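Report on one structure; see the data block that follows.
The values are calculated or read from the model by the stated rules, or taken from the named source; none is laboratory data. Quantities reported herein were computed from a predicted structural model and do not represent experimental measurements. Every residue, glycine as well, gets a Cβ built from its backbone with ideal geometry; the counts of neighbours run over all protein chains shown. Heavy atoms of the whole protein, side chains included, go into the accessibility calculation; ligands, DNA and RNA do not. Shrake-Rupley method; radii C 1.70, N 1.55, O 1.52, S 1.80 Å.
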Amino acid sequence: MSRPVQARRLEGIDKNIWVEFVKLAATYSTVNLGQGFPDFPPPDFLKEAFSRAVSGEKHTLHQYTRAFGHPPLVKILAQLFGKLLGRELDPMTNVMVTVGAYQALFCCFQAFIEEGDEVIIIEPFFDCYEPMVKMAGGTPVYIPLRPKAPKEGKLMSSADWQLDPAELASKFSEQTKAIVLNSPNNPLGKVFSRGELELIADLCVKHDALCISDEVYEWLVYDGKEHIRIASLPGMWDRTVIVGSAGKTFSITGWKVGWTVGPNRLLQHLRTVHQNSVYHCATAAQDAVAQGFQRELERYGKPDSYFVQLPRELQQKRDQLIQSLVAVGMKPIIPEGTYFLVADISEFKSEVPDVPDSDEPYDSRFAKWMVKNKVNLPEDATLKAADDILQRWKLEKAAP
Ligand code: PMP
């Protein structure tokens, strides 16, 4: 029994931060502040659409549908993204539905990356890009967003984190097959500006590289900022796959409906991966999401659109959380989008028991310590709970 059972491609990618933190949160019966999901219900129109799909007359909605996407969903996605990108899209060849954005990403890396290929990843990044590139045989090449000091007395914003153009250019080479762009970015909440996207686009065109554009937080943008789609920039449509998620769009992360939008020359290869792995996604959930998009398309840009209301609500929660974090001595980086918030915790160094001989980074130890010692509330509260926890903590700290 000396032969390894696992394939070599699994080496070094067995650990997963979410698996670790979900377990920690469950063990200590606490709020899960790690994974990004809403602590509020999805909109009624979507829940009703799902109920209609499963309890209505159309029994076919309980059966397999088209492998690359339920026709009503790919049609409405083609219509919406056609409008957003200013080009005619074919629902059958320019759109593919996936099991969440996660599977869309997996299809991209499996379809495009092979041994020897390099993939540029902008730091800090959503953790799965790295193992997915490695599993496909590629090599991740990292480029950091570097912080600029904020103005005197001001909190830092995610916009203060920027790419150094020369450093970015130096990462592109003959081996570069693709760059992963995630705007709005998890975890900083950075919304890339047009200038930053043009910089990336020019390098992609120059080096004939692809762009895997993870835009799952496209509707969660605050302070009147605009989400710009890199695929709309000159020379980019042909080399970009847009990755999206109904989970983030309609606050239904558990439904796991995602999609890719792009040119057929790229999507045809995603279809090959998809038909040889997942093949087909849950029909009723796709049907309900299609109805949700139909509603949104009719209300596009209007005050009663969910895409207008959701960011407004989340922006208020963001501001509340920022206040709480500041009140306890953390220095939050104000996110321009997403439901993530990164904070400078260096003030707390003395509070976390030191772990001798540990090479685990301080921020990781701090987060675990906080889950074990400070975050002790019922399961389903998140932002509200975080606020309460921090207020309590502040009182504790102030107590003699
Ligand atoms: N990309 C990013 C940047 C994410 O944050 C997430 C979920 N946290 C995903 C992709 C995966 O989305 P889904 O739940 O639709 O698979």
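For this structure, a couple of remarks:
- Scanning region 46-75 for residues that are open to solvent by less than 50 Å² (accessible area, probe 1.4 Å), touching an Asp or Glu at 6+ places or on another chain (Cβ under 9 Å) and in a loop (DSSP other than H, G, I, E, B) yields a total of 2.
- Residue match in region 36-45 (condition: loosely packed, with under 14 Cβ neighbours inside 10 Å and out of contact with any Ser or Thr (no Cβ under 7 Å at 6 or more places or on another chain)): yes
- Residue count for region 219-232 under the criterion of being open to solvent by less than 10 Å² (accessible area, probe 1.4 Å) and of a type outside the set (Ser, Thr, Tyr): the result is 3.
- Residues satisfying the stated conditions in region 212-247, i.e. within 11 Å of the ligand (Cβ to nearest atom) and either part of a strand (DSSP E or B) or in contact with an Asp or Glu (Cβ under 8 Å, 6 or more places away or on another chain) (or both): Ile212, Ser213, Asp214, Val243, Gly244, Ser245
- Considering residues of region 328-361 that are modelled with pLDDT of 85 or more and among the hydroxyl-bearing types (Ser, Thr, Tyr) only, the residue surrounded by the fewest Cβ atoms within 10 Å (Cβ to Cβ): Ser346
- If you go through region 31-73 and pick out every residue that is over 13 Å from Gln291 (Cα atoms) and more than 16 Å from the ligand (Cβ to nearest atom), you end up with 18.
- Residues (surrounded by fewer than 17 Cβ atoms within 10 Å (Cβ to Cβ), among the small types (Gly, Ala, Ser) and farther than 22 Å from Lys225 by Cα) located in region 172-207: Ser173
Table: residues versus (1) open to solvent by 30 Å² or more (accessible area, probe 1.4 Å); (2) over 17 Å from Ala101 (Cα atoms); (3) assigned to a loop (DSSP other than H, G, I, E, B); (4) without any contact (Cβ under 8 Å) to a residue 24 or more places away in the chain.
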site	(1), (2), (3), (4)
Trp259	no, no, no, no
Arg271	yes, no, no, no
His280	yes, no, yes, no
Val289	no, no, no, no
Glu296	no, yes, no, no
Gly301	yes, yes, yes, yes
Asp304	yes, yes, yes, yes
Val308	yes, yes, no, yes
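- Identity of the residue in region 147-171, in a helix (DSSP H, G or I) and polar (S, T, N, Q), that ends up surrounded by the most Cβ atoms within 10 Å (Cβ to Cβ): Ser158
- Residues satisfying the criterion are present in region 143-162 (criterion: under 21 Å from His227 (Cα atoms) and in contact with a Gly (Cβ under 7 Å, 6 or more places away or on another chain)).
- Count of residues meeting criterion [under 29 Å from Phe250 (Cα atoms), surrounded by 12 or more Cβ atoms within 10 Å (Cβ to Cβ) and in contact (Cβ under 8 Å) with a residue 40 or more places away in the chain] in region 1-35: 11
- Members of region 248-257 found to be open to solvent by less than 30 Å² (accessible area, probe 1.4 Å) and part of a helix (DSSP H, G or I), listed by number: Thr249
- Enumeration of residues in region 318-327 that are surrounded by fewer than 18 Cβ atoms within 10 Å (Cβ to Cβ) and in contact (Cβ under 8 Å) with a residue 60 or more places away in the chain: Gln320, Val326, Ala327
- Within region 79-111, being part of a helix (DSSP H, G or I), more than 16 Å from the ligand (Cβ to nearest atom) and in contact (Cβ under 8 Å) with a residue 24 or more places away in the chain holds for Gln79, Leu80, Phe81, Lys83, Leu84, Leu85, Ala111.
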